[in-house]
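Structure first, then comments.
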């Protein structure tokens, strides 16, 4: 059964099931009475759910040794805690990616963009060619060239938005698409810089994240973050392309400020027309990406989605 199918089991109904899932995240916790327990997130491409494993259970001993991104076959009985699906696990068996592939389960494990990546890349390339300044265009081409495969395949986040394979490419194309449409409304924004900034704003995420089945931050990602990593990558590409220093500094500023707020990870606040413009386009698509994913995952029994931290609210699902 998929996660979506499991979550459709009515609350109060105890149903035995088997599912092949990815171990998304394992977090060690300590209860108020001092007892150790684990919070384990399991999922597939249709969604995820959490399981609490107490120290006196077999699943605690298993997950204590397990790694994020491993594939498991579990058997259990459906249950709910505070109206959320939280099954009782009875058996856990780790399986290899090859075994999952042979059984046909691999195709159900990893969530992917609903858009065709080759078409998205072609669209992104068309936006690169809209940049009239030859050195700026070469900067963007140089920055993308060496990381193309990762840029196409990587997610845009671990959980917040576009957190699935090809999500980084999808998000980048959507931000750039929005920027191109909105540019005529704001003549004070330099089109070349805005398009270049939209394309490159999240490029550091190809270094920030790692993991084939379960995304997590790399060592470098934890120590520096995608804003700084992206700044460094763009600066190197700009110097190779012999981009005018003033234009390069303004492009770097877009990368450093695109997160919008210092508490959200921005190195500085946006202080140029192009930086404000790209930051707002990025925020718009991040938020709408959360809405779109919630709508894709809806089922006919739900009026609202689960609470979405990035929106600070659930999403109304009726009538859409």
- Assess whether residue 232 counts as being under 21 Å from residue 128 (Cβ atoms), surrounded by fewer than 21 Cβ atoms within 10 Å (Cβ to Cβ) and without any contact (Cβ under 8 Å) to a residue 40 or more places away in the chain. yes
- Applying the selection to segment 89-115, what residues are touching a residue at least 40 places away in the same chain (Cβ under 8 Å) and in a strand (DSSP E or B)? 95, 112
- State yes or no: is residue 163 within 17 Å of residue 281 (Cα to Cα), modelled with pLDDT under 95 and surrounded by fewer than 20 Cβ atoms within 10 Å (Cβ to Cβ)? no
- Item | Flag for residue 281 being assigned to a helix (DSSP H, G or I) and in the same structural domain as residue 132 (by TED's automatic domain parsing) | yes
- Query: Do you know which of the residues in segment 7-43 that are in contact with a strand residue (DSSP E or B) (Cβ under 6 Å, 6 or more places away or on another chain) and within 18 Å of residue 305 (Cβ to Cβ) is surrounded by the fewest Cβ atoms within 10 Å (Cβ to Cβ)?
  - Reply: 11
- Item | Filter result for the condition that a residue is outside any loop (DSSP other than H, G, I, E, B), under 20 Å from residue 271 (Cα atoms) and over 18 Å from the mean Cα position of the chain (by Cα), over 223, 182 | 182
- segment 57-74: number of residues that are assigned to a loop (DSSP other than H, G, I, E, B) and over 23 Å from residue 110 (Cα atoms): 1
- Task: Working only within segment 251-278, note down all residues that are closer than 24 Å to residue 182 by Cβ and either in contact with a strand residue (DSSP E or B) (Cβ under 9 Å, 6 or more places away or on another chain) or not in a helix (DSSP H, G or I) (or both).
- Result: 258, 259, 260, 261, 265, 266, 268, 269, 270, 271, 272
- Query: Does segment 54-72 include one or more residues that are within 22 Å of the chain's Cα centre (by Cα), surrounded by fewer than 19 Cβ atoms within 10 Å (Cβ to Cβ) and at positive phi?
  - Reply: yes
- Message: Condition check: touching a helix residue (DSSP H, G or I) at 6+ places or on another chain (Cβ under 6 Å), assigned by TED's automatic domain parsing to the domain that holds residue 201 and more than 28 Å from residue 27 (Cα to Cα). Does residue 221 satisfy that?
- Response: no
- Item | Residues located in segment 81-95, provided they are within 24 Å of the chain's Cα centre (by Cα) and surrounded by fewer than 17 Cβ atoms within 10 Å (Cβ to Cβ) | 84, 86
- Task: Quick one: which residue in 126, 118, 48 is in a strand (DSSP E or B) and under 23 Å from residue 170 (Cα atoms)?
- Result: 48
- Task: Scan segment 36-43 and give yes if some residue there is under 21 Å from residue 214 (Cβ atoms), at pLDDT below 90 and outside the structural domain of residue 163 (by TED's automatic domain parsing), otherwise no.
- Result: yes
- Message: Can you go through 248, 243 and tell me which one is in contact with a helix residue (DSSP H, G or I) (Cβ under 8 Å, 6 or more places away or on another chain) and not in a loop (DSSP other than H, G, I, E, B)?
- Response: 248
- Message: Checking the condition modelled with pLDDT of 90 or more and surrounded by fewer than 17 Cβ atoms within 10 Å (Cβ to Cβ), which residue from 129, 101 passes?
- Response: 129
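The values are calculated or read from the model by the stated rules, or taken from the named source; none is laboratory data. Worth saying up front: this structure is predicted, and the values here are computed from it rather than measured. Backbone-built Cβ (ideal geometry, glycine too); neighbour counts: all protein chains shown.
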